[in-house]
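Here is the structure we will look at.
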Amino acid sequence: MITVVSGAAPTDRLEQLVAKRNAAASASSTQTRIRVIILFMYVALSIAGSDPTGGAGLQADVQVFRSLGVHGAGVITALTIQDTSKVHQVLPAFPNVVLAQIRTLLADFIPDAVKIGMLGSDDVARMVDLGLRELGGAPTKRPPIVIDPVLAASDGTPLLERRALAALQDLISQAALVTPNLSEAEALTGCDVSTEEGSEAAASALVASLGAGAALLTGGHRDGPPHDLFARRDGGSVSLTWLEGERAPVGSVHGTGCALASAITAGLARNLELPDAVAAGRRFVAAALKRAEMRGRRARFLVFGE
Ligand code: PLP
C-alpha cells in the first residue's frame, strides 16, 4: 500500500504515480508493497524589494518563511543599494518585468499565501495589483494576501513614490491583512494616530473604507509600551483589539516590519486562522528581537529561530 501524507493538495502527477505503483504492486506476486510518505512544503510568495544586507526586504522574508517551515518564492519589485548605515539608492524594476514574473509564476503554481512589501514605484504597484487580480476566483479560494505598506526606510529614504499611494490603497482592498506602522497608517487614512482614538479610527478605516479584511497597526514607534492594534471585519462592523507588547531593550532593529508581516504570512500559508497567525507572528518577532545581533557598522539584525 502506498500512502501519501501531504501538507498541501497532491498534484495530478503525484496521484498518477501513486496509482501506477499501487497497480504494479497488486499485479506482481514478488513486488513488496511499500509505504511512501511524501511531505509537501507549504509555499509563501514574497513580492518585495531587494535589500542586499539581508536584514529586510525579500532576502529577510525568505529567511523568515524558511525558519517557519515554509518554502519562500520571490518576485523582486526593486533593487536597492544599501548598507547597514543607510539606503543609498532605489531602482524600481521595470513594471512589465514585475508583471511577467507574477504571471509566469502563478501560471505554474499558486502559493498558499502572498506577502507584499516594498513596491518602489506607482507603475510597479499597479502591475502587482493587476497580476494578483488575474488570479480571479472567489476571495475565499484565493491565497490570503498580507500587505506591509512600506513607504520609507528608517533613515527616511522613500521606498515608494509619493504618487503611488492610490495604487497602494487599491491593492489594500485585495488584502486579508495590512500591517502599517503608525506613520504608514496616517498616510493611508489621513487620521492623526498620535492618540488611542486616532489609531482606532485609522485601523477601522483600513478595513471599513479601504477594504482590507483586517489591519494590524504596529506600535513599535509609539512612545510608551509598543501595543499593536488589531482591527477585523466582523459582520457589518469592525472589531478592535489592543494587543499588549513589551519593548525589547535592544534599540532600533532593521527589518522588524518585514519580518512580522512575513511571519504572519507563513502562518496563513500553514492554514492558521488570522488571529492565530497574528499571535504566532508577534511571538516569533519578539523572540527574534531578544536575540538581535549587530551586523556591519550600524545595524542590529533579527536572529530567527523557532
Ligand atoms: N529595504 C527594503 C528592500 C525594505 O523592504 C525595507 C523595509 O521594508 C527597508 C529597506 C527598510 O527597513 P527599515 O525600515 O528597517 O530601515
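No value in this document is a laboratory result; all are computed from the given coordinates. Bear in mind that the values here come from a model prediction, so they are computed numbers and not experimental data. No Cβ is skipped: glycine too gets one built from the backbone with ideal geometry, and neighbour counts run over all protein chains shown.
Before moving on, here are some points about what is shown:
- Relative packing of peptides 103-109, 44-50 - highest average C-beta neighbours within 10 Å first: 44-50, 103-109
- Under the span-like rule (Cα at least 15 Å along the axis, Kyte-Doolittle mean at least -1.0), DSSP H helices of the chain: 12-27, 57-67, 95-108, 122-133, 196-208, 256-269, 274-290
- Distance between the modelled labels on residue 237 and residue 209, one decimal in nanometres: 2.0 nm (7 Å Cα→Cβ projection).
- Mean Cβ count within 10 Å, highest first, over the residues of peptides 286-297, 66-77: 66-77, 286-297
- The fraction of Cα-Cα pairs per 10 angstrom bin, counted from 0 for the chain, comes to 6, 27, 33, 20, 8, 5, 2, 0 percent, rounded to whole percents.
- Rg over Rh for region 154-294 works out to 0.94, using Cα positions for both radii and the Kirkwood form for Rh.
- Residue 84-residue 155 pseudo-label distance in nm [points 7 Å out on the Cα-to-Cβ vector]: 1.3 nm
- DSSP bridge analysis restricted to the chain gives an antiparallel fraction near 50%, rounded to the nearest 5.
- Helix-derived mean residue ellipticity, 222 nm - over the chain, DSSP H n ≥ 4, -39500 (n - 2.57), to 500: -11500 deg cm²/dmol
- Among 65, 94, 284, the largest mean-square fluctuation in a Gaussian network model of the chain, built with springs joining Cα atoms closer than 10 Å, belongs to 94.
- Hypothetical label at residue 109: residues of region 38-57 whose amide nitrogen lies under 15 Å (7 Å Cα-Cβ projection): 38-46
- Relative contact order (%) - region 42-301, alpha-carbon pairs under 8 angstrom, separation at least six: 18 percent
- Taken along its three principal axes, the alpha carbon spread of region 139-215 comes to 38, 28, 19 Å, from the longest extent down to the shortest.
- The calculated FRET efficiency for residue 135 paired with residue 163, based on their beta-carbon distance and R0 = 22 Å, is about 0.25.
- Shape metrics for region 149-191, restricted to C-alpha atoms - Rg then Dmax, Å: 10.2, 29
- Spacing of the two label points (7 Å from each Cα toward its C-beta) at residue 279 and residue 195, in nm: 3.2 nm
- Segments 150-158, 185-193 sorted - mean Cβ within 10 Å per residue, highest first: 185-193, 150-158
- Spatially close lysines, pair count over the chain: Cα under 27 Å, gap of eight or more or interchain: 4
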